[in-house]
Structures are given as C-alpha cells and as structure tokens.
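J.: Please see the structure below; I have some questions.
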Amino acid sequence: MLWVVFALGAALFWGVYGPVLHKGQMQLGNPLRALLLVGFAYFCVGVLVPLFVLGAQGELKGFNLAGSFNAWMGGALGALGAICIIWAFRSGGVPNYVMPLVFGLAPLINVAVSMVTHPPKSAVNPLLWLGYVLAASGAGMVFYFKPKG
C-alpha cells in the first residue's frame, strides 16, 4: 500500500502547486518567466535526479522507442497542462477558481481516457456514471461556493 502514500504526496504537491505558481507568476510580472522556471524545476527534478540515480545503478541503457515515446508524451502533456494553468492565471484566473476546475475535471477525463486505452474486461458498473455526476457536481460546488477574494 506504499502507492497510497505516493498518491497522497502527489495530491499534496499538486494541491499546493497552483497557489504557489500563481504567487510566483505575479511576483515575476511575466508568465513566461514563471514558465521558464517551471521548466527548469522539471529539468532539475525530472532529468538530473533520474540521470544520477540511473547512472549510479548502471541503468542508463535499455530504453525502447515505444516506452520512450509514451513517457515523453506524458511529460509533454504535463508541461502543456502547466502552460495552460499559467495562461489561465495570465488571463485573469486565480488559483481558487482555476485549480478546482482543473482538478475536478482531470479525474473524469482520466477515467474516460483510461477506459478507451485500457478497455474494461467486464461491463462498466452503472454507478460509475453516478460517480461522474457526483464528482462533476462536487467540483462545481467547490468552484461555486469557494471563498471570494
């Protein structure tokens, strides 16, 4: 069950991501400065750390084209998501509007795409659709009733 700890860590990090990024973007005065530093952070954490660890383990070999492409696409999609958040802030959005919308819809999109790319082995439980309605309603309620300011 260690995966739960890591999943909760991701929720914590991504839950704080929007407000911290917005604050930095406002302090830097230009969203492209913020994006540059987000990219640098991705480079430091996403390139240098695994490069060092894989090198120390002698594992800097064995990459294949399909896995490399899909991993790269995942990273590109994450970076494009960061760009969209930065541009949402640049266009007047604030974290307590933008992030509930992003994190409310992302799980719904994830399940739909996962079901297309990894079709279920049995019929989908109809309660899934109720879950969609409840999750979307919950995100909408958080979005609508969030504190003003």
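J.: Would you confirm whether or not segment 5-20 contains a residue that is modelled with pLDDT of 95 or more, surrounded by fewer than 10 Cβ atoms within 10 Å (Cβ to Cβ), over 14 Å from the mean Cα position of the chain (by Cα) and farther than 23 Å from residue 139 by Cα?
T.: no
J.: I would also like to ask the following. Checking the condition out of contact with any Lys or Arg (no Cβ under 8 Å at 6 or more places or on another chain), exposed (fewer than 12 other Cβ atoms within 10 Å of the Cβ), outside any helix (DSSP H, G or I) and small (Gly, Ala, Ser), which residue from 67, 62 passes?
T.: None of the other options fit; the residue is 62.
J.: Filter segment 25-50 down to residues that are over 22 Å from residue 76 (Cβ atoms) and surrounded by 10 or more Cβ atoms within 10 Å (Cβ to Cβ) and give me whichever is modelled with the lowest pLDDT.
T.: 30
J.: Taking segment 73-130 on its own, how many of its residues are under 27 Å from residue 31 (Cα atoms) and either aliphatic (A, V, I, L, M) or in a loop (DSSP other than H, G, I, E, B) (or both)?
T.: Number satisfying all stated conditions: 21.
J.: Is there a residue being under 17 Å from residue 139 (Cα atoms), of a type outside the set (A, V, I, L, M) and in contact (Cβ under 8 Å) with a residue 24 or more places away in the chain anywhere in segment 74-86?
T.: Among the residues of segment 74-86, not one is under 17 Å from residue 139 (Cα atoms), of a type outside the set (A, V, I, L, M) and in contact (Cβ under 8 Å) with a residue 24 or more places away in the chain, which makes the answer no.
The values are calculated or read from the model by the stated rules, or taken from the named source; none is laboratory data. No experiment lies behind these values; they were computed from the predicted model shown. Here the Cβ is made from the backbone with ideal geometry for all residues, glycine too, and neighbour counts use every protein chain on show.
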